[in-house]
Each structure stands twice: as C-alpha cells, then as structure tokens.
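Below you'll find the structure, written out as structure tokens, and then a few comments.
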Amino acid sequence: MHTGRNDTAKRSLTRKVISQTIDSSDSSAGFILEDDFEGFSQVDDVFCRSHYDPVVKSPETQRFYEMYRRPLSGWRGAEGYGQHDYALRNASWHVADIFAEMHEVNDRRDGFLDPLSLLREGSDREIAFTSPEEASSVVKQAAHAVGADLVGIAEYDSRWTYTERFSMSNLDGKPNPMPEGVKHVIVIGQAMDKELVDTAPSAL
C-alpha cells in the first residue's frame with residue numbers, strides 16, 4: 001500500500017492540478033512557499049495512515065478505534081481511565097458518529113473524511129444583502145451563535161484544499177471535487193477545553 005510519497009504516477013490519477021502561484025497574501029499570513037511546494041493529500045493524514053500504513057498502524061492504534069465500538073476486557077485503574085470515562089467520551093461523539101456512519105455504504109464518512117451531505121433542501125430564495133459587509137456580519141453572527149470562537153471569510157485558494165480525499169473502502173485516494181463557482185470560504189475555529197486537554201492521554 002502506498003503512502004502518497006514517491007508515487008507520482010499513482011497520485012496523479014486522483015490529485016487535482018492546483019495553482020502554485022505565490023500571491024501577496026502568503027507572506028502576510030506567515031507562509032513561505034518554496035519551489036517544491038505540493039498540495040496535501042488526505043491519504044497522508046496521520047489518522048488515515050493509521051488504517052493502512054505499517055509505519056503508523058499498530059495494535060495500539062487499532063485498540064484505540066476498537067474502544068469506541070465495544071467495551072475493553074479490562075479497564076486501567078488510574079483516574080481518567082474508568083469505564084465511565086470511556087462512556088462519557090463515546091457519548092460526546094455520538095452525534096458526530098451518526099453522521100459519519102450514515103453513508104458508509106457509499107464510501108463516505110461525513111464530517112470526517114467527506115463534507116456533510118445535504119439531508120434537507122434549503123429555500124430556493126436567495127437573500128439579497130445590501131453589501132458584502134452586511135453579508136459578512138450575518139454569517140459571523142450565525143457562526144458565533146452556534147459556538148464558533150473564531151470565524152473569518154477569505155477568498156478560496158485551491159492550494160489549501162486536499163488534493164484528494166481518503167477512501168475507507170479502498171484505503172486509497174479518491175477525487176475531491178469542489179462545487180463550481182466557489183469564490184470564498186468561511187473558516188471557523190472552535191477552542192478546546194484546556195483543562196480537559198491537559199488530562200491527555202486519559203479517555204477524556
């Protein structure tokens with residue numbers, strides 16, 4: 001199984017051709033792109049590699065995934081590793097898991113490896129904003145209302161889009177199509193609970 005490195009011919013079957021022209025926003029955002037810059041494949045994401053790459057995949061990584069689906073035969077005696085800790089962790093992932101598993105038969109993991117599927121059609125009426133600033137304000141207000149800590153709007157740059165997605169069925173790359181006419185993207189950041197993160201590597 002390939003890892004996406006030294007595999008130009010195979011990668012070219014699913015990778016998109018992306019712009020590599022340096023623009024003024026790169027340096028202002030703190031990015032310095034060298035001549036050998038390449039877009040990133042989701043196949044090379046460490047979580048995806050843990051399913052197929054022997055460098056990453058191990059009994060420990062498989063045990064990590066198994067903990068979400070069935071009880072362990074024994075629980076560690078240390079605080080943060082009790083059965084109730086794992087139950088809380090799994091419960092908090094329940095809704096996300098439902099979406100991720102909803103279309104697995106179609107080789108999709110919505111919200112993880114693939115964008116969320118449209119489950120209900122929206123209104124066919126478009127809102128006519130008076131200005132880009134008004135539209136931006138409405139979008140950001142909505143994002144903060146549903147829990148975003150940071151939200152920004154930027155021009156779409158294909159260099160920062162996965163060159164291909166990861167197929168769980170084939171453990172390989174698959175195309176990553178983008179909707180036609182995408183000119184801007186909404187970027188959302190959500191802060192993590194520092195005290196909870198500090199308990200790592202506990203179940204929480």
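The values are calculated or read from the model by the stated rules, or taken from the named source; none is laboratory data. The model shown is predicted, which means the values in this text are computed figures rather than measured ones. Glycine also receives a Cβ, built like all others from the backbone with ideal geometry; neighbour counts cover every protein chain displayed.
When only residues in region 158-176 that are under 15 Å from the mean Cα position of the chain (by Cα) and assigned to a loop (DSSP other than H, G, I, E, B) count, which is farthest from G111 (Cα to Cα)?
Going through the qualifying residues, I end up with T163.
For T61, which of the numbered conditions (1) surrounded by 14 or more Cβ atoms within 10 Å (Cβ to Cβ); (2) touching a residue at least 24 places away in the same chain (Cβ under 8 Å) fails to hold?
(2)
Tell me the residue from S137, S131, S169, S117 that is surrounded by fewer than 13 Cβ atoms within 10 Å (Cβ to Cβ), modelled with pLDDT of 90 or more and touching a Lys or Arg at 6+ places or on another chain (Cβ under 8 Å), please. Spell out the reasoning first.
Details: S137 fails: touching a Lys or Arg at 6+ places or on another chain (Cβ under 8 Å); S131 fails: touching a Lys or Arg at 6+ places or on another chain (Cβ under 8 Å); S169 fails: touching a Lys or Arg at 6+ places or on another chain (Cβ under 8 Å).
It is S117.
Check whether at least one residue in region 179-198 is part of a loop (DSSP other than H, G, I, E, B) and surrounded by 12 or more Cβ atoms within 10 Å (Cβ to Cβ), and report yes or no. Working first, answer last.
Here is the first cut: in region 179-198, the residues part of a loop (DSSP other than H, G, I, E, B) are 179-183, 190-193, 198.
Among the residues that remain, those that are also surrounded by 12 or more Cβ atoms within 10 Å (Cβ to Cβ) are: none.
Within region 179-198, none of the residues are part of a loop (DSSP other than H, G, I, E, B) and surrounded by 12 or more Cβ atoms within 10 Å (Cβ to Cβ).
In a loop (DSSP other than H, G, I, E, B) and touching a His at 6+ places or on another chain (Cβ under 8 Å): does that describe S123? Steps first, please.
On the way: in a loop (DSSP other than H, G, I, E, B): yes; touching a His at 6+ places or on another chain (Cβ under 8 Å): no.
When the stated conditions are applied, S123 does not pass them.
For Y86, all conditions in the list (1) surrounded by 14 or more Cβ atoms within 10 Å (Cβ to Cβ); (2) out of contact with any helix residue (DSSP H, G or I) (no Cβ under 7 Å at 6 or more places or on another chain); (3) within 26 Å of I186 (Cα to Cα) hold save one; what is the number of the exception?
Tallying (1) surrounded by 14 or more Cβ atoms within 10 Å (Cβ to Cβ); (2) out of contact with any helix residue (DSSP H, G or I) (no Cβ under 7 Å at 6 or more places or on another chain); (3) within 26 Å of I186 (Cα to Cα), Y86 fails exactly one: (3).
What pairs can you find where one residue is in region 128-146 and of a type in the set (A, V, I, L, M, F, W, C), the other is assigned to a loop (DSSP other than H, G, I, E, B) and surrounded by 12 or more Cβ atoms within 10 Å (Cβ to Cβ), and their Cβ atoms are less than 6 Å apart, with a gap of 6+ or different chains?
Hits for this filter: A135/F129.
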